[in-house]
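Have a look at the structure below, then the notes.
The values are calculated or read from the model by the stated rules, or taken from the named source; none is laboratory data. It should be emphasised that the depicted structure is a prediction, and the values quoted were computed from it without experimental measurement. We place every Cβ from the backbone using ideal geometry, glycine too, and count neighbours over all the protein chains shown. Just so you know, the surface numbers come from the protein's heavy atoms only, side chains and all, with ligands and any DNA or RNA stripped out. Shrake-Rupley method; radii C 1.70, N 1.55, O 1.52, S 1.80 Å.
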Amino acid sequence: MFFDTGFGLLRVIVITLCAYAILIVVLRAAGKRALAKLNAFDLVVTVALGSTLATVLLSKDVALAEGALAFAMLAGLQYAVARASIRWGWFRDAVRAEPRLMVEDGVARRDAMAAERVTRGEIDAALRQRGIGRIAEAAAVVLETDGSLSVVPASAGRAAELDALEGVAR
């Protein structure tokens, strides 16, 4: 009822130890970006790594070597996409979203919020996390490429004048 055989439990222990070690080696080789979730593609790779690990650990149909190859392929593809994004602007535009301004100089940009499906409540939550009580106290709120909301307080200056907002879609 709780397990089929002792061998099955032993298999899970051994495969878990080996797969975990392999995953650590692959992630260290892949670099810090491997789990950074800087954009949608990075998030997909992170989720795929977790799914692959679970499959290797629990499925008798997937050999450890196949799982190790999958880890390496995912990390390699992420590396290739990151390099291609740096090298070719058209490729970067194809695989990455651009940040978008949701609040500018204390005024909510309702058209941008609607287009990105961001609610006023989500904007307010981001403001509260930064210790800002009123939207008028924000120079900018930006929906970042990873889906997070960044808040620039009004004390930093006008949104139109901030260097940090260069490249942010309006």
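Residue check: F71 meets all listed conditions (1) crowded, with 17+ Cβ neighbours inside 10 Å; (2) under 23 Å from G147 (Cβ atoms) but one, namely (2). With respect to the conditions (1) part of a loop (DSSP other than H, G, I, E, B); (2) farther than 24 Å from D42 by Cβ, A97 lacks only one, and its number is (2).
Could you say whether any residue in segment 148-165 is under 20 Å from A40 (Cβ atoms), touching a residue at least 12 places away in the same chain (Cβ under 8 Å) and in contact with a Pro (Cβ under 6 Å, 6 or more places away or on another chain)? Checked segment 148-165: no residue is under 20 Å from A40 (Cβ atoms), touching a residue at least 12 places away in the same chain (Cβ under 8 Å) and in contact with a Pro (Cβ under 6 Å, 6 or more places away or on another chain). For segment 35-65, the set of residues classified as open to solvent by less than 80 Å² (accessible area, probe 1.4 Å) and under 15 Å from S85 (Cβ atoms) consists of A36, N39, A40, F41, D42, V45, listed by residue number. One residue is enough: does segment 7-25 have a residue meeting the conditions in contact with a helix residue (DSSP H, G or I) (Cβ under 7 Å, 6 or more places away or on another chain) and of a type in the set (F, W, Y)? Looking through segment 7-25, none of the residues is in contact with a helix residue (DSSP H, G or I) (Cβ under 7 Å, 6 or more places away or on another chain) and of a type in the set (F, W, Y). Scanning segment 55-95 for residues that are over 22 Å from the mean Cα position of the chain (by Cα) and under 20 Å from G31 (Cα atoms) yields G67, A68, L69. Pairs meeting the criteria (first residue in segment 30-43 and free of Cβ contacts under 8 Å to residues at least 60 places away in the same chain and part of a loop (DSSP other than H, G, I, E, B), second residue surrounded by 15 or more Cβ atoms within 10 Å (Cβ to Cβ) and of a type in the set (S, T, N, Q), beta carbons under 9 Å, at least 6 apart or on different chains) are A36/T46.
Go through the residues of segment 85-93 one by one and say whether even a single one is surrounded by fewer than 16 Cβ atoms within 10 Å (Cβ to Cβ) and either β-branched (V, I, T) or closer than 22 Å to V151 by Cβ (or both). Checking segment 85-93: at least one residue is surrounded by fewer than 16 Cβ atoms within 10 Å (Cβ to Cβ) and either β-branched (V, I, T) or closer than 22 Å to V151 by Cβ (or both). For segment 114-170, which residues satisfy the criterion of being surrounded by 14 or more Cβ atoms within 10 Å (Cβ to Cβ) and of a type in the set (D, E)? Of everything in segment 114-170, those that are surrounded by 14 or more Cβ atoms within 10 Å (Cβ to Cβ) and of a type in the set (D, E) turn out to be E116, E122, D124, E137, E144, D146. R110 passes every criterion in (1) closer than 30 Å to L143 by Cβ; (2) open to solvent by 40 Å² or more (accessible area, probe 1.4 Å); (3) modelled with pLDDT of 90 or more; (4) under 23 Å from the mean Cα position of the chain (by Cα) apart from (4).
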